[in-house]
Amino acid sequence: MEAINRAAEKKYNKWIVVLSIIIPVIVGALFGVNLRKLGFDVEPLTFLPPIYATINGLTALILVAAFLAVKNKNIELHKTLMTTAIGCSVLFLMMYVAYHMTSDSTSYGGEGTMRYVYFFILITHILLSIIIIPFVLITYVRAITKNYERHKKIARITFPLWLYVAVSGVIIYIMISPYYV
């Protein structure tokens, strides 16, 4: 049975690699594109940051709820919550890119120690948001291919990383929100 499950899991490996590379590359490329500066007549989507920060917070709550569900052996609820968390992350990413393609970037205006704290959180958030992509995909694939033991092993790494990314996204928004124009 485990050999069949591993074979099923292996079918997804190319997609995991491709998506783990393509998503950060596309986001990075689009992050540098400002449609208004290119002459397109688009409204800045300045209303999006509090919405996508809320989605990050919701993702964090869903991850904790999914963790509690699986600890309480409520596997169906766990599956639903994890699929919802992935959906929230995709929605966040789409809004984040849309905002940055239509609006000028906001610089953090804090000084002193808080400036260092902000940039530490921001840099770790960005790096881990890239690193988490293959972890989420591998964890999800191991679940849908019924490789539950292997799923549990990687989920122990994926969960805290993903939770940090979600929570730190909210913290970054709170710290930079006074500087939005």
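Each label point is 7 Å from the Cα along the Cα-to-Cβ direction; what then is the distance between the points at Ile174 and Thr106, in nm?
1.5
What is the spin-label model distance, in nm, from Lys146 to Leu38 if the labels are put 7 Å beyond Cα along the C-beta direction?
Reported label-point gap for Lys146 and Leu38 is 4.6 nm.
Among Ile176, Ile131, what is the fewest-to-most ranking by other Cβ atoms within 10 Å?
By the 10 Å Cβ count, ascending: Ile131, Ile176.
So if we plug the beta-carbon distance of Ala7 and Lys79 into 1/(1 + (r/R0)^6) with R0 = 22 Å, what FRET efficiency do we get, rounded to 0.05?
In this case the efficiency is close to 0.50.
In percent, how large is the relative contact order of segment 1-131, given Cα pairs closer than 8 Å and 6 or more residues apart?
RCO, segment 1-131: 32 percent.
Sorted from fewest to most neighbouring beta carbons within 10 Å, what does the list Val165, Val181, Val170 look like?
Val181, Val170, Val165
If you stretched the chain out fully between Leu30 and Ile123, how much longer would it get, using 0.36 nm times the residue separation minus the C-alpha to C-alpha distance?
31.6 nm
Take every Cα-Cα pair in segment 77-181 and report what % of them are more than 16 Å apart.
Percentage above 16 Å: 64.
Looking at the P(r) of the chain, how many percent of alpha-carbon pairs lie beyond 20 Å?
The proportion of pairs with Cα distances above 20 Å equals 58 percent.
As a check on your grasp of the helix formula, calculate [θ] at 222 nm for the chain: sum -39500 (n - 2.57) over DSSP H runs of n ≥ 4, divide by the residue count, round to the nearest 500.
-27500 deg cm²/dmol
Every number in this text was worked out from the coordinates using simple rules, so none of it is lab data. All values derive from a computational prediction rather than experimental measurement. In this analysis, Cβ positions are derived from the backbone assuming ideal geometry, glycine residues included, and neighbour counts consider all displayed protein chains.
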